[in-house]
Structure formats: structure tokens, C-alpha cells
Amino acid sequence: MRRSPKETDEAASLVTRRAFVLGVAQVGVMGVLGLRMRQLQVEEAESYQLLAEENRINVRLIPPSRGIIYDRHGVPLAQNAQNYRIVIVREDAGDIDETIAKVKRLVNIEPAELERSLKEMYRRSPFVPITLADQLEWKDVAEVAINAPALPGVTPDVGLSREYPLGEDFAHIIGYVGPVSDYDLSKIEDPDPLLQIPEFQIGKIGLEAKLEGDLRGRAGTRRIEVNAGGRVMRELSRDEFTPGRDIQLTIDHGLQNYAQSRLSAESAGAVVMNVETGDLLAMASAPSFDPNLFVKGISSKDYGSLRDNDHRPLFNKTVQGTYPPGSTFKMMTGLAALRAGVIGTGDTVYCPGYMSLGGRRFHCWKSGGHGHMDLNNAMTQSCDVYFYEVAQRVGIDRMAELCHEFGLGERHDLPISAVADGLIPSTEWKIRAREERWQPGDTLNSAIGQGFVLTSPLQLAVMTARIASGRAVKPRLVKSIDGVEVPIEEAPELNVSAAHLNAVRKGMWSVSNGQRGTAARSRIVTEGLEMAGKTGTSQVRNITAAERARGVTRNEQLPWNRRDHGLFVCYAPYDRPKYAVATIIEHGSGGSTAAAPPSRDILLYALYGDIPPLEAYPKDQRERIRVQHEEMVLRPRLQPEAKATRA
């Protein structure tokens, strides 16, 4: 049917209006798109360019080489060694199980090591290289390289691994490094990005842990181009790392080795300290362990044997162990009484073999008694009753005050793990710690280094050095950092008169050189190198009245862990002190028999700078000492390296 002219005009008008509305809408949309494009391309171009760049360019960290640790002469104690290893990239390896099976036919991989690698592999992105085996020999790496076409995703690599060339000698001082654990990260509030790198190692214990910030260094960076899948295409630029700082210790590696070997058959600790500077020349804890085992990842069997050993090789007895000091404490009791004026050097106390107090007898080690004793004789023969009496007169609080001045009960600031405070009791301490009042009997026990008193070999060495020098010398372990000497603090004079110190020193000389001295058999006979010392025996069990009535059981009749500890402190030369030594022999039965002989030997090595000559020993001991030195496992003194390897 044909439309009328009017209908045709109306239809055309409607189409024109619709076209206009549609055109306006199209223009509006295009305008909005244009404005958005202008915003993206002009106003926000810089930010989107940055995002695009970050998608194209990755920044990766370059691990720094760890600082080297040297002894006082420049001999490396902890260094970096080239570590041949095999790495695998999961996304390139195809069938992981098949590829690993092929590698195992070429290289021996421990099951535990493989388990750790697989766990790490599936924790990381598929393009991150994971160490499959390390600490390999060159022949193993060469074998893998030759078979590379058949091992997709597997690559030989060279990295750095921590190495401790002197092994057991320095395990307790330096400690060791190990891979970063989740526990390590949980302790750090703002962890260094380096710690996220697979297989990166940090200090776990000892100086390695305490000086981690100095030894670690700073990471370098490299800018690399990657594709959309994250695969590396090329390296664009590189900023090299800053290596960790080198640390030089005050320890003498030869003396440390000698002390470690001399104590190796015992559960023991010994500290050697320079009397004037405070330099620690040796800190031997026996038995020890090989820290290299921990770097590689110690096996459960090896760790179990260390953990379950009753001589506690993982325990640092020089600073971590605290023990009743026994009679080595008597110098403190005597000095406190002299300073307080409650007794003079010539005043005597009668020893019948015991002291009665509150209906209880406090026994002397010599059941028949020593008779009349002055300070010199009481120290020479280690009479307990003399020190019971003078302690009653001076009181525990004045004794405690003097002890702290001589370094006992103080946590000395050294970069080693678990440095103990020890314990010097007082009336206030017992109320606070035990909620009990101090008793007169507590003072008597403390007077002879028993009861609540606890000290470490380090603290006893500091005490001895301060007696010898008359100054508040502080122990020092770090000699220099990156070649810059750590300053030696000037030691102020102690608040004790020279006359009183000399009286105690003379008593220590008589202990080692007097006819009745408890350490006379361990004397040094070289003229001008005479030693002053003090023996100590500390009980680890209570002796009941019934046992005393029937006869005290001899130490050799008791199980090893029920025997008394043996202690000895000494310094030499007597007239111009240079070195102080403190030694603990756990369950050694007695200070004179167990601790004095090795202390004398270690002190002689320090004085001579090498294995001491037989002429320094009494004639009747020289053959035994000669055989002893032949049987000891000693390494020759090493020559310092001009520069330790960082690569």
C-alpha cells in the first residue's frame, strides 16, 4: 500500500531525529574516549611508563662475600671457599623425578639433602634456581657438565661457602653459619632482602652471629630484562656488592690449639688473658666440635652424638658455664676483710678442723685442722676455717661489693653467644630472688666459694688479672675491624690498697712455690717466670652427717658426674705479671691434681710463645711432660696470609 505524502514526511522527520540523537551519542562517546586517551597518554603517561618498565626490567640481588675472621697474627680462622654445586630450574627440567634420577647416577646426593632441595624447589617460583647438591669436588661438576645435554634445567655452578680451617679449635668462639630459617626471619623486625635468597647463610651462634651486621656486607644489584614468563633475557647493568668487614681477634691460634689439645680428654674450660691490655689470648672449651659439619648441614646421627655426650661438646664452658669457684674465691674473702679493717695480714685464726655455728659444724677440708693460721698460711694451705671466721667479721654485702669490682657477678661485653652473669649473692639478692632472709651459715658457705656463689672461667680470669695488675682491666676479644684497631680502654686503679693486694699476691705465690702450697707440684722452675696461683675444689653434692661419721666417700669411688669440680687460677711472671689463666675441670675431683697442671702448661705456652721447654718444669716431671707433648695432637704454628680469599 502506498503511503500518503503526509505519512512519508512524518517518517522522514522521525528518522532525522533518531539519526541526530544517535550522532550526538556517538560524538559524546568518542569525546569521553578521547579525553580518557589524553589522560592516559599525556597526564598519566609517566606512571604507566614506569609500570611497563617494571614489568620488563627486574632488579636482582648479588650476595656479598662474607668478612674474613683472623687471629691476632693474621691467620684466617673463618674464610670463604669456592663451593662447586649443582643447581636445577624446575620449569626447564621437564620430568623432575627423571632428571634428578639421572643426576643421582652421576653425583652422590644424601637423601636428607635431596629432601631439603625438593621442599625448597616447590616453595619457590618455577624459574628460581635451587641448589640440588653442593660441596662437590671438581670431578663431580665436570661429570655433570659433560652430560649437560641429557640433563635439562641442570647446571653446574660456583658459589661461596664458609670454611673453618682450624676446625674444632675455634668452634665455641667463632660459631658457625647456616641457611636462613623461618625462625631466624621471625626474630627480625625488618629483615634484609638478602635473607630471602635461597641458600643464603647467616651466623647462627658465636661471633658469626653476634657480629653478623659487620660480617655480612651489603648486596649488589643487577638489572635484568625478562620476558612475560619471568625468564631472564639479558643483563642490562650491575652494581657490585660491598663485602663484609674483616674481623681480627685477640686470640692466638697456636695457644688456642695447645689449650684445646691439653684439655681434650676432659670436660673443661680455660681462659688466658693479658693482664695489662685485657686481650683474650685463648678461650678453650673441651670437648669441642667441628663447625664445618653445621655449614654443610649436620646429619641427625652426628648431631645426636654431640647432643647426648655427657661432656657437653656444644656447651661453651668458658663463658656459658657457671660453677661454684671453691677456694679460688678465698682471695676475695681475704681482700674484703683486709679492706674493711676487720683483720690484719698478721692476725691469726685457730683452725681445729671445723667451726660451730647455730648447732651446725662447718668443716675444713683437713679434718684434723690446721692450727693457728694467718692470711698467707691460710691461702697456702687453703684453710677453710680461717675464711669462715673473717667472712663472719666482714659480712656478705661488703664481700659482694668487692667481688663486683673484681669482675665477678658481671656480664662482660663480648661478642659471643650466651655469656653468663654468674652470681654473687647478697642479703638484698636473697630477699628478692628467694623471698628469704640471709642466714649466717650462708656467709660461711660463700666465704669458700660454695653456697649460692657461681662464676665462669672468664670471670675468674678477669678477677686474677685484676689482682695481678691492681687495675680494673676489661676482657677484649676483637682486636681490629677492617684494619682499624679497636681501642683498649684505660683501666682505672682498683679501690684496694697496694699493701693488701701484695699480701694476697704473696699468698698466691706460696700456693705455687711454698713447701706446703697446694699447687707446689705444678710450679714453674724457670727463674723470673715463677707463677702465683690458687687451687679450688667445689662440691657438686651434699655430704651428710652420717657420711662424715662413717668416712667421706672418695671422689674416685663416685660416678664421674658426682665428683667435685677442680679449679685453678694463676698468673705469671710473679714480679711483672703478663698473663692470667683460669681453668675448670668438670668433676676433676680436685684443683691441685686436675686443674693446676694444665693451667701451668697453658701459662708456660703463653710465656714462651710455643711449646715450653722441659727446663721450665721440675726435674722429676720432665720425662712425663715430654711424652705428654708427643702424644698431644698439636698443629704447627701457622703463618699469616697477606690477604684471605674472598672469591
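Bear in mind that the values in this text are calculations on the coordinates, not laboratory data. The structure presented is a predicted model; accordingly, all values stated were derived computationally and were not measured. Methodologically, a virtual Cβ is constructed for each residue, glycine included, from the backbone with ideal geometry; neighbour enumeration extends over all protein chains shown.
Structure notes:
- Residue order, fewest to most beta carbons within 10 Å, for 250, 553, 277, 537: 553, 277, 250, 537
- Projected-area average for region 261-391 over all orientations - Cα convex hull basis, square nanometres: 12.6 nm²
- Helix 45-56 axis, angle to the chain major axis (alpha carbon atoms, nearest 10°): 60 degrees
- Estimated translational D of region 492-575 in µm²/s (Stokes, Kirkwood radius over Cα pairs; 37 °C; 0.692 mPa s): 214 µm²/s
- Using every pair of separate Cα atoms, the Kirkwood estimate puts the hydrodynamic radius of region 136-268 at 18.8 angstrom.
- Acute angle (nearest 10 degrees) that the helix 111-123 long axis makes with the longest principal axis of the chain, alpha-carbon atoms: 40 degrees
- Translational D in µm²/s for region 380-437 (Stokes-Einstein at 10 °C, 1.306 mPa s, Kirkwood Rh from C-alpha pairs): 118 µm²/s
- Debye equation applied to the C-alpha atoms of region 554-607, log10 I(q)/I(0) at 0.13, 0.17, 0.29, 0.30 Å⁻¹: -0.36, -0.54, -1.02, -1.07
- Debye intensity ratio I(q)/I(0), log10, region 405-536, q values 0.14, 0.20 Å⁻¹ (C-alpha model): -0.86, -1.28
- For region 101-211, Kirkwood radius (reciprocal of mean inverse C-alpha pair distance, Å): 16.2 Å
- Cross-link pairs 330/534; 366/619; 474/506; 104/139 - those with Cα-Cα distance over 18 Å: 366/619; 474/506
- Computed FRET value (nearest 0.05) for residue 264 with residue 114, which takes r as the C-beta separation and R₀ as 45 Å: 0.80
- Packing-based order for 335-347, 96-108, 500-512, using average beta carbon neighbours within 10 Å, highest first: 500-512, 335-347, 96-108
- Mean shadow area of the chain over all directions, Cα convex hull, nm²: 49.7 nm²
- Alpha-carbon Debye profile of region 511-644, log10 I(q)/I(0) at 0.09, 0.12, 0.13, 0.16 Å⁻¹: -0.34, -0.57, -0.65, -0.88
- In plain terms, the bigger the Kirkwood radius, the slower the diffusion; for region 294-334, with that radius from Cα pairs, at 4 °C and 1.567 mPa s, Stokes-Einstein puts D at 99 µm²/s.
- Exposure proxy for 397, 140, 310: other Cβ atoms within 10 Å of each Cβ, ordered fewest to most, give 310, 397, 140.
- Between residue 81 and residue 190, the modelled labels are 3.8 nm apart [label points 7 Å from Cα along Cα→Cβ].
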